[in-house]
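The values are calculated or read from the model by the stated rules, or taken from the named source; none is laboratory data. These numbers were taken from a predicted model, which means no experiment stands behind them. Every residue, glycine as well, gets a Cβ built from its backbone with ideal geometry; the counts of neighbours run over all protein chains shown.
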Amino acid sequence: MGYSDRQLKDLETTINRADCDTVVVGTPIDLNRLIHIQKPVVRVHYDLQELGTPTLKEVLDDFVKRYKLG
């Protein structure tokens, strides 16, 4: 899923206006390659282990169905 130029600019503005010391980026992509972040950035990686229900897939499927996205 990609971002439009407007969405990237809005994201950049939001991050740069945030009152924070460091930006923690947990996206699969390196946001610094797409936008200019004027704060220190730390990239994190994680694994998801689902325990019980609802699962992430169930939540996303419900969201897609509810908002008629698929």
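Summary table
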{"quantity": "Counted residues, the range 25-64 - those being within 24 Å of SER4 (Cβ to Cβ) and not polar (S, T, N, Q)", "calculated": "17"}
{"quantity": "Filter result for the condition that a residue is of a type outside the set (Val, Ile, Thr), at pLDDT below 95 and over 16 Å from the mean Cα position of the chain (by Cα), over LYS39, LYS68", "calculated": "LYS68"}
{"quantity": "Subset of the range 2-59 [acidic (Asp, Glu), assigned to a loop (DSSP other than H, G, I, E, B) and either exposed (fewer than 10 other Cβ atoms within 10 Å of the Cβ) or touching a Ser or Thr at 6+ places or on another chain (Cβ under 9 Å) (or both)]", "calculated": "ASP19, ASP21, ASP47"}
